[in-house]
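Everything below concerns the one structure shown next.
The values are calculated or read from the model by the stated rules, or taken from the named source; none is laboratory data. Since the structure is predicted, the reported quantities are computational estimates derived from the model, not experimental observations. When we count neighbours, we look across all protein chains shown, and the Cβ atoms used for this are built from the backbone with ideal geometry, even at glycine. For accessibility, only protein heavy atoms count, side chains too; no ligands or nucleic acids. Shrake-Rupley method; radii C 1.70, N 1.55, O 1.52, S 1.80 Å.
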Amino acid sequence: MTETKSASDIIRAKREQRLPALAVSRGIGIGKIVFLHGERRRYFRLDLDTEQIEAELERFKAALKTSTLQLRAISSDTASDSRQSASGIFGVHLLILESSFAEKIETFIKKEHVNAEWAIKTISDQYVERQTRVTETDFRDKYLDIEDVSTRLLNALDKFQETIHTHSDSVIAARDLTPSAIMELVKNKPSALITEQGGWTSHSSILARELNLPMVSGVRNLEHYMLAGDRVVVDGINGEVILNPSDETVAGFQALPVAHSQSGISGSSRAESLMTMDGTRFVLRANVDQPETYQTAKNRGARGIGLYRSETLIRQPGAIPSEDQQFEAYKNIADASGEQGVKIRTFDVGIDRFGSAPHWIERNPSLGLRAIRLSLADPTHFRTQLRAILRAAFGKKIDIILPMISGADEIVRAKMILDSERADLIKAGIDIGDPQLGAMIETPSAVLTAFEIAKHVDFLCLGTNDLVQYLLAVDRDNDAVADWYQTLHPAVIRAISNVLVAAQNAGVPVTVCGEMAGSPFYVSVLLGIGVRDFSMNVNSIQAVRRLLSGISLSDAVALVVNISKFLTAEEAENYLREYYFKHWAALFPADFLDSRFR
Ligand code: PEP
Ligand code: MG
């Protein structure tokens, strides 16, 4: 693959230059930049090998189909009301798509061996150029329609896997990355990821940590500083991107002993017990989506899978696995976790992931029709999933978690659906298991009604990633508000404590499965508030285990009492850092307390 972007387009700085970033997955990655996604990819020509052409044409055809469906839906919507002119515009867009425009793009990909984005851009430029030469204004303005259609095609293309091939020394730079895109990319073992968007609790950051892949986010306009192929160091410990590093700088990073380890703990873990210094037992579980990962988690001390994010089975929008495919996946993860069991969370996705209503764009997707709401609004996929889980649970330890619960009534409604699927399977003589039912507590309303919710379920899961997001009204995926995403905000501490009291009253256990549980920085606070059951990324287990087994519960309680006096999260963070340096420094991964990484 080669890039033909002219160097004169770019303000390049060949000297070493440092850009601040948000460290979201620990480690150091050194390699050559490969740009992916979005605007910058559109203006790059990628020269493909002959064997890549077929896949590239498939991508283009898939994008063409999506765009056509979108336009048909919009024009029929607008035709039925008073927006006649809108319907006309989208009708014109459809005509463009169905004209020789698309054919020319396909031919260009085949003849020139280039990526679909470049072909769209080139053909659309040719059309626009021709159109702007027309003398009548009305016709001349039609070039806007061509640009509009091209943008729609490019946006649709973003949804389909790319044919970009990366190498083991590639550093992937993208506007943002979905977990499924990361799963594709890791096949070629890139050395690090850089994104413009995303916070510490974004799903892509969580996955990068699980894969031990250094990652930073919040780096904007990288293409203004660099060309594809330029050398870069990604410092996922201190949060920095070093462009065009000198040989000396690179050698300095290569010499770092534990930099490449996610946990920051070198060598095999000590035989730390699962008990605090003053004898309080705690349970560690793993957040695992791949069955093969569980053995590592178990070796490190995990006892069961506390969170299986079933939506990772949906690789593309609309590609919902069948009941049998899900049954296999759930059986495999249950086999891997054995007697210690797995808690399967039902699809925690927005309507866009189901691929229906392609023209329906939600203004606030994280507040929209998603998770349990989607399951209850149209239970088709929910019923399929529950059947697959019930069947897979036969003779196995599988429990069910319902995501984004906002009140007890949703549990009651979900239970009715579960009961009806159970009854049907029994009637059909199919073997099923008896999963326990749990609720994710991650919305403010669930915190405030935790007492009622707890009475309707067998267990609770505290999803601190979303809890912080919804409680503080801060988008967890937006690094621009990362400073407002405050895990130690007094409201968060109080909310967690509320939930623990409610669970205790109802006599149900609570597992904390958000990233807070996997952070050595925060986990002692959770212990002090009363948490005894922690579920985390496989690469956090050793560090958390070392910390919890090296401190006493009484110290953790005292810490919580002290930080509860502060009005701001910042004061609490500073207090904790100082305390850790003074008393527990040896229990933290090397350089952890100095870094910005949590
Ligand atoms: C959470 O919200 O804390 C959680 C564990 O789930 P997710 O990160 O998948 O939203
Ligand atoms: Mg969540």
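So, how do all the Cα-to-Cα distances of the range 163-246 break down into 5 Å bins, in percent, from 0 on up?
With 5 Å bins starting at 0, P(r) equals 3, 15, 30, 28, 18, 6, 0.
Could you tell me what fraction of 2.2 N^0.38 Å the Cα radius of gyration of the range 351-469 comes to, as a two-decimal ratio? Intermediate results must be reported in sequence, preceding the final value.
On the way: Rg = 15.2 Å, N = 119, 2.2 N^0.38 = 13.5 Å.
That ratio works out to 1.12.
Could you pull out every residue, at least 5 positions away or on a different chain, whose amide H is within less than 5 Å of the one on residue 432? Hs are placed 1.01 Å off N in the peptide plane, and Pro or chain starts have none.
The answer is none.
Work out the charge dipole of the range 549-591 with +1 on the Cβ of Lys and Arg and -1 on the Cβ of Asp and Glu about the Cα centre, then indicate which of 581, 552, 568 is farthest towards its positive end.
Positive-end residue among those listed: 552.
When the scattering of the range 459-598 is computed by the Debye formula from its Cα atoms alone, each counted once and equally, what is log10 I(q)/I(0) at q = 0.22 Å⁻¹?
-1.65
Mind listing the Cα extents of the range 446-498 along all three principal axes, in Å, largest one first?
39, 20, 13
With +1 assigned to the C-beta of every Lys and Arg and -1 to the C-beta of every Asp and Glu, and no other charges, what is the dipole magnitude of the chain about the Cα centre in debye, to the nearest 20? Display every interim value, and only then the final one.
Working: 67 positive and 77 negative charges, 197 e Å.
Computed about the Cα centre, the dipole is about 940 debye.
Would you mind telling me the share, in percent, of accessible area of the range 538-598 contributed by carbon and sulfur at probe 1.4 angstrom?
Working: 1490 of 2790 Å².
Roughly 54 percent, rounded to a whole number.
Which pairs in the list 61/343; 61/331; 187/331; 32/582; 415/565; 32/331 are over 30 Å apart, alpha-carbon to alpha-carbon?
Pairs exceeding 30 Å: 61/343; 61/331; 32/582; 415/565; 32/331.
Quick one: length gained pulling residue 366 to residue 110 fully straight, 0.36 nm per residue minus the C-alpha distance?
Additional length available on full extension: 88.2 nm.
Hey, if we sort 493, 109 by accessible area with the 1.4 Å probe, largest down, what's the order?
Putting 493, 109 in descending order of accessible area: 493, 109.
Calculate one ³J(HN,Hα) per residue across the range 64-71 by plugging θ = phi - 60° into the Karplus curve 6.51 cos²θ - 1.76 cosθ + 1.60, and present them in order as whole Hz with x for glycine and proline.
Karplus values, whole Hz, x for Gly and Pro: 5, 5, 4, 5, 5, 4, 4, 5.
What angle do you read, to the nearest 10 degrees and between 0 and 90, between the alpha-carbon axis of helix 408-427 and the longest principal axis of the chain?
So the inclination is approximately 80 degrees.
HN-Hα J couplings of the range 284-289 from phi, Karplus 6.51/-1.76/1.60, θ = phi - 60°, integer Hz, Gly and Pro as x?
Rounded to whole hertz, the list is 10, 10, 10, 8, 10, 10.
D for the chain, whole µm²/s, Stokes-Einstein with Kirkwood Rh over alpha-carbon pairs at 10 °C and 1.306 mPa s: what number?
Answer from the Stokes-Einstein relation: 61 µm²/s.
Compute the acute angle (0 to 90°) between the alpha-carbon long axis of helix 84-98 and the principal axis of greatest extent of the alpha-carbon atoms of the chain; round to the nearest 10°.
80
Going from most exposed to least, what order do 54, 515, 147 have by accessible area with a 1.4 Å probe?
Order by accessible area, largest first: 54, 147, 515.
On average, how much accessible surface per residue is there in the range 421-510, in Å², for a 1.4 Å probe, leaving out ligands, DNA and RNA?
On a per-residue basis, the range 421-510 sits at 43 Å².
Might you work out the accessible area of residue 210 for me, using a 1.4 Å probe with all protein chains in place, and round it to the nearest 10 Å²?
About 30 Å², rounded to the nearest 10.
Using a cut-off of 13 Å between beta-carbons, work out the net charge of the residues near residue 289 (Lys and Arg +1, Asp and Glu -1, residue 289 not included). Walk me through the numbers on the way to the answer.
On the way: positive: 209, 309, 315, 343, 345; negative: 210, 292, 311, 348.
Every neighbour counted, the sum reads +1.
Note the full-extension length gain between residue 132 and residue 155 as 0.36 nm times their separation in residues minus their Cα-Cα distance, in nm to one decimal. Intermediate values should be presented prior to the final figure.
Values: separation 23, 0.36 × 23 = 8.28 nm, distance 2.40 nm.
Taking residue 132 through residue 155 to full extension adds about 5.9 nm, to one decimal.
Mind listing the long-range amide H neighbours of residue 240? Cut-off is under 5 Å, sequence gap 5 or more, other chains count too, H placed in the peptide plane at 1.01 Å from N.
21, 235
Enumerate the calculated ³J(HN,Hα) couplings along the range 575-587 in order (Karplus 6.51 cos²θ - 1.76 cosθ + 1.60, θ = phi - 60°), each rounded to whole Hz, writing x wherever the residue is Gly or Pro.
So the J values, rounded to whole Hz, are 4, 4, 4, 5, 4, 4, 4, 6, 10, 10, 3, 5, 8.
Could you put 363, 281, 373, 72 in order of accessible surface area, largest first, with the 1.4 Å probe and the full protein assembly present?
363, 281, 72, 373
Of the DSSP beta bridges with both residues in the chain, give the percent that are antiparallel, rounding to the nearest 5.
Antiparallel: roughly 35 percent of the beta bridges in the chain.
Return the ratio Rg/(2.2 N^0.38 Å) for the range 268-377, where Rg is computed over Cα atoms only.
Dividing the Cα radius of gyration by 2.2 N^0.38 Å gives 1.36.
Would you calculate a helix-derived [θ] at 222 nm for the chain, using -39,500 (n - 2.57) for each DSSP H run of n ≥ 4 and dividing by the full residue count, to the nearest 500?
About -13500 deg cm²/dmol.
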